[in-house]
Structures are given as structure tokens and as C-alpha cells.
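A quick write-up on the structure given underneath.
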Ligand SMILES: [Fe+2]
């Protein structure tokens, strides 16, 4: 079923759809990882890291909704199911159990770094086929890079 008509050509739409779906999966997983660490962080810096992680969750959830709805607006069905996220996320494995505060920061530096790399590839890929979607990826990348900066600044 193709319920919504896209303003893009088929080939442009394929490029943009892949970028949006990939971004959705990365952002849903980023929100899950940040919550997992939010619940499990321990150590002297517990409170600041615990609160900071929820700021990442807010960013990831907000942007996952924007990205998914951009896909819908282009006539592409977004897929945010758990199995799809698990198989497609660019974030590496995060281990269960309690996480020392400095390790929590490292997990976030790595996770944000992985997502930012892929998000910048999406910025590059979508400029020609759809600058409107590219604009979303640019805003997402800017917000993620701000979080990335703050976590990196903590582990010096
Ligand atoms: Fe909480």
C-alpha cells in the first residue's frame, strides 16, 4: 500500500528513505542506551551523569519522532520496531549491569560518536535529493555533537 504520495523521484526517494530509516533506528537505540546507563550508573559523579543522560534521551526521542514523521510525509513507512532497531543500529553492544560513572561517560562518547558519523553521511547523501530532509539531519547532528562535546569534556 502506498498511502502518501511523495514529491521526490523514485531514485531520490530511495536514498532519502534509507537515510531517514537509518537515522530513526540509530536515534531509537540511542534513547534506549542512554536510559539503560541512566538507570545503572554508579559512582561519585552519579547525579550529574544520571541527569545528563536524560538530556540525551530527550534529544534522541524528539529527533526520532521528527525523522519518522519526515519519512511518513514523504510516503515512506517508518519502522521503529524493536527487532528492526536491534538489527540496524550503528551503536555497538552495551553490556548489562551497573556502570561506573567514568565508564558511563565512555559508553556515551562511543555511542554518540557512532551515531554522529552515520548522521554526517546522511547529511552528505541527502543534500541533492532532498534538502528538506538534509536540514533535519543537520539539526540532529548539531544537537548530538553538543552532547558528544559535553561527555568528552568530562573524561579528561
Ligand atoms: Fe529517570
For this session: Rank the residues 120, 70 as a footprinting-exposure proxy: fewest other Cβ atoms within 10 Å of their Cβ go first.
Result: 120, 70
For this session: Could you tell me, in Å, what Rg and Dmax come out for the Cα atoms of the stretch 52-117?
Result: 14.0, 44
For this session: Provide the descending list of Cα extents for the chain along its principal axes, expressed in whole angstroms.
Result: 54, 28, 20
Exercise. What ranking of 117, 15, 141, 126 emerges when the number of other C-beta atoms within 10 Å of each C-beta is taken as an exposure proxy, fewest first?
Worked result: 117, 15, 141, 126
Exercise. Using a Gaussian network for the chain with springs between C-alpha atoms less than 10 Å apart, which of these wobbles most: 89, 48, 64?
Worked result: 48
Problem set entry | Degrees, to the nearest 10: 131-154 long Cα axis against longest axis of the chain | 10 degrees
Exercise. So how do 53, 32 line up by other beta-carbon neighbours within 10 Å, fewest first?
Worked result: 32, 53
Seminar exercise, completed: To the nearest 10 degrees, the tilt of helix 46-73 (Cα long axis) against the first principal axis of the alpha carbons of the chain is 10 degrees
Seminar exercise, completed: In deg cm²/dmol, rounded to the nearest 500, the helical mean residue ellipticity at 222 nm of the chain, built from -39500 (n - 2.57) for every DSSP H run of length 4 or more, is -26000 deg cm²/dmol
Problem set entry | Pair-distance profile P(r), taking every C-alpha pair of the stretch 2-45, with 5 angstrom steps and integer % | 5, 17, 15, 14, 12, 10, 9, 6, 6, 3, 3
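Computed from the coordinates by the stated procedures, all read-outs in this text should not be read as laboratory data. Since we're looking at a predicted model, the values are computed, not measured. Positions of Cβ are generated from backbone atoms using ideal geometry, with glycine treated the same way; all protein chains shown enter the neighbour counts.
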